[in-house]
1. May I ask you to list the residues in the stretch 202-226 that are assigned to a loop (DSSP other than H, G, I, E, B) and over 23 Å from Gly262 (Cβ atoms)?
2. Leu239 - would you say it is buried (at least 18 other Cβ atoms within 10 Å of the Cβ) and within 23 Å of Asp283 (Cα to Cα)?
3. For residues that are crowded, with 22+ Cβ neighbours inside 10 Å and aliphatic (A, V, I, L, M), tally how many sit in the stretch 261-284.
4. With the checklist (1) modelled with pLDDT of 95 or more; (2) assigned to a helix (DSSP H, G or I) in hand, flag the one item Asp107 doesn't pass.
5. Pairs please, first residue from the stretch 546-561 and in contact (Cβ under 8 Å) with a residue 60 or more places away in the chain, second anywhere and of a type in the set (A, V, I, L, M, F, W, C) and in a strand (DSSP E or B), Cβ atoms under 6 Å, 6+ apart in sequence or on different chains.
6. Determine, yes or no, whether Leu596 is buried (at least 24 other Cβ atoms within 10 Å of the Cβ), closer than 13 Å to Ile493 by Cα and not hydroxyl-bearing (Ser, Thr, Tyr).
7. Answer yes or no as to whether Ala524 is part of a helix (DSSP H, G or I) and in contact with a strand residue (DSSP E or B) (Cβ under 9 Å, 6 or more places away or on another chain).
8. Condition first: surrounded by fewer than 18 Cβ atoms within 10 Å (Cβ to Cβ) and either more than 30 Å from Gly535 (Cα to Cα) or touching a Lys or Arg at 6+ places or on another chain (Cβ under 8 Å) (or both). Now tell me which residues in the stretch 691-709 satisfy that.
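The values are calculated or read from the model by the stated rules, or taken from the named source; none is laboratory data. What you are looking at is a predicted structure, and each value in this text was computed from that prediction instead of being measured. Positions of Cβ are generated from backbone atoms using ideal geometry, with glycine treated the same way; all protein chains shown enter the neighbour counts.
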Amino acid sequence: MSDSGNQKLIKSTDPVSRGDVEAVEGKGDASATNNPDEHFDIHQNKRKYYDIDKSPTSMEDVHKWQRQHIKVHDQSKEGFPLNVIIDPAMREMYQHVHAQGLTNVFDRFEQQEKIRCNFCAQGLSCQLCANGPCRINAKVPRGNCGVDAHVMVARNFVYRHVTIGTAANIFHAQQAARTLKAAAENPNSGLKIRDKNKLLKYAEMAGLNSHEDINKVAVNFANFIMEDMGRPYWEESKLVQAFAPPKRQELWRKLKLYPGGGFSEVATAQTKCMTNLNADPIDFLLTSVRLGVANEYQGLFALDILQEILMGTQKIRTAKQNMGLLKKDMVNIITNGHMPLTAHVVIELASTPEWKEKANKAGASGIQILGHVCEGQQLLNYEDTGKMSAYGGQEGEWLSEEYLLATGAVDLFMFDYNCTIPTLPLYAKRFGTTMVSTHEVIRMPGTEVVEFKPEEMSKQAEKILDMAIQAYVKRKEENREVYIPSHVSDCMIGFSTESVKEALGGSWKPLIDAIVSGKIRGIATVVGCTTARYGQGGSNIFRITKGLIEKDILVLSGGCTSSVMEYTGLADPKAANEAGPGLQAVCKALGIPPVLSYGACVDIGKMTQTAKEIADTLDVDTNMLPIVIGAPEYLEQKAVADACTAIALGWLVHVAPVPSVTGSDVVVKTLTETTETLGLGKLTVELSADKTVQIYVDHIEKKRKELGI
C-alpha cells in the first residue's frame, strides 16, 4: 500500500491517533494528544484559577479530617475522585484542573472505566501474532494457534508484567554501576564515593579484594555487578550466591529457580512467550518466580547498595513533604523518576555560593530542588542530600504530577526514568515549565534533552540550572499567576537495615524481643504505587495501614505509599498514639513512628535485607518470619516483578486491584495455593481494606504459632 493509502487508512479508522483538537467528542482541549503544540491554551487568554473547597490550613486539622473521611466501610465510586483523594494539596489542585477542563489522571480513569475490556481484565486476550487479536471465553475456548485460557493468562503474566518489571529494575542497577565506575575513574565527573565502608563491606562479601585503592575497588565492584547481569542464564548468578539467604538458595536450586544473568533470564523468558513455543502454564509461573530472584539481587538490592555508596546511606532524621514547600520567589526545580543520579549532582551544585548568586541576579531569593515520586523518596532519605542547602524536600506521589505543574510555580521539571506521564508536556506549555529528559530511555515531545553521561554530570548539572533560571526569569516577566497549596507534612525518614539496627543499639535482639513478647505481633510492608481507581487513590493504603498499626503490627513503607504515610501523618512519631498498646510503647520508647519509611519502591531491596538479617539472627529460613508483603494499590510492571521476588523468598503477598489472571483457575490456584506447598510464598487478592487487615493479622499469627511464640 502507498504512503497516501496508509494515511487514509489511519485517518478513517483511528481519529484519536491524529492528534486532532476535535478528535474527542465534546472537547476542544486536545486531550487526545500529548503534543503540546496541539494544546488549546498556552498562555494567551489563560483562564484564572477557580474558587475551590480548601483543605484545612493546619495539618492537625487535616489529619483529623483524613481519619474521619475513611471511616466509611470502603471508598466507592460515589463522589469520585474527591472521596478517595486524601492528600490535601492534591484535593485543591484537582479542583483547579478539573474546573479548567484540563485532561487529568482521575478524570481519565473515569472515562476509561466506561470502555474497559473484560477479556483484557481477565488476561484472556492475546495480540502476539498476526492471526490475532484472539479472545477466549466459554464458547471459544482456544485462540487461533490453539492456545487455551491457562497458557494465554500465564504467558501474558510473564510477558506483559514480570519480564518488563525485572528488566527495568536491573537496567536501573546497571546505570548505578556505570555511574560508580565513572565516579572512580573520573573524579571530576560529579558523583563521588561517599560511603567507603559500605563499598568495602559488599566488595568483600562479593569475594573481591577490598584492600586495594578505593577507586580500584569501586571499579572492580561495578564491573562485578555488570558482568553478572550479562552472565548467560545457564550459569548461576554470582550476586545471588553472595547475597541471598543460603537456605533459600538450596530451595531455588532444587526447584530449578536459580537464575543466571538477569538480562539473559529476561531474554529467555520472553523467548518462551513466542507464538507456538511454550504451552505449559506452570512453567510460565515458575519462570516468573525465577525472574523474581534476579529482580531482587541483580536489580533492587544491587542498585540500593550502589546508590548509597554514591549518595550516602540513609540516616534517621525529620523532614518535610508536600506542595507547600514550593516558593513563589525561588527557582523551583522538580526532579522526577526513580534514578536520582543526575539530580544529586544538580542539588550539590545549586548549593554553592556561585549558583545562589546567579539566582539572586535573576531576581530570585534562591534555588531549590524538590524530589517527586520515588526519586524524591530516595533523595529525602539519603544522608548527604539532606545536608545540602539547595535541597527543598519531597513533593508527592505519581498521581499528583499534573496537579503539581498546574500550580504555575514549577520552573523546571527534570525526569529520568519511570513514572513521568505523557500529558506533562501539555501542562508544561500551559503553565510555563521547562521539561528536561535526563536519560535516553524516556522522551517527551517538545521537551529539552540533557543526555545521561556519568562522566559529564557536572557539566550537565550546569546546563540544567541555567535552563531553570531562564524559566524563572520568563515566569516573572510574564507575571504568571501562581497558586501554591499551603500544606506541608512533618515526617521521620531515613529508615534502612543499617539505620534501624543502629537505632536498636547495633543488634536485632531488641526488635526480636519485642516480637517474641507480643508487643509487636509482626511486620507488614505496605509498598508500591497509588492508583486512580475507585476505592484507592491513597485511601486504601491509609485505611489498611491504620488498621495494621492498631493491631500492633509494625509497618514498613516504600514507594508512593511512603508519600501517603507522610501526608497523612503516619510517618510522624506523634502517630504512635494511634497504634495498639504494645507497638505504641515500643515507638514511644524509641521516639519513632509506627510506620517506618524505607523510601522508594526500589528500596524494597533494603526491606528484604532487613528480613534476611532477622532470619539469620533467629537461624530460620525467611519464609518462617511473621511478615506480610502488601501492595494494596499496585500499578505497573515493576510491582509485579517485586511480588514475584517476595514469593521466591517465601512470603504472603497481598495485591489490589485484581491482577489480570482471573481468566484461568489453574493460574489463580498456582499463585494462591500451590507455590506455598513448594516452600515458596503465595499471592492473595483482596479489595476490602477491613478484610485485608484481617488477612495480614491471621497470617502473622499463623507464623508466630509456627515459631512457637
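1. Correct list: Asn209, Ser210, His211, Glu212, Asp213.
2. So Leu239 fails the test.
3. Result for the stretch 261-284: 2.
4. Among (1) modelled with pLDDT of 95 or more; (2) assigned to a helix (DSSP H, G or I), Asp107 violates only (1).
5. Every condition considered, the pairs that remain are Leu548/Ala524; Leu548/Val555; Ile553/Ala524; Leu556/Leu596; Gly558/Val527; Gly559/Val527; Thr561/Val526; Thr561/Val527.
6. yes
7. So Ala524 does not fit the description; no.
8. Glu701, Arg704, Lys705, Glu706, Leu707, Gly708, Ile709
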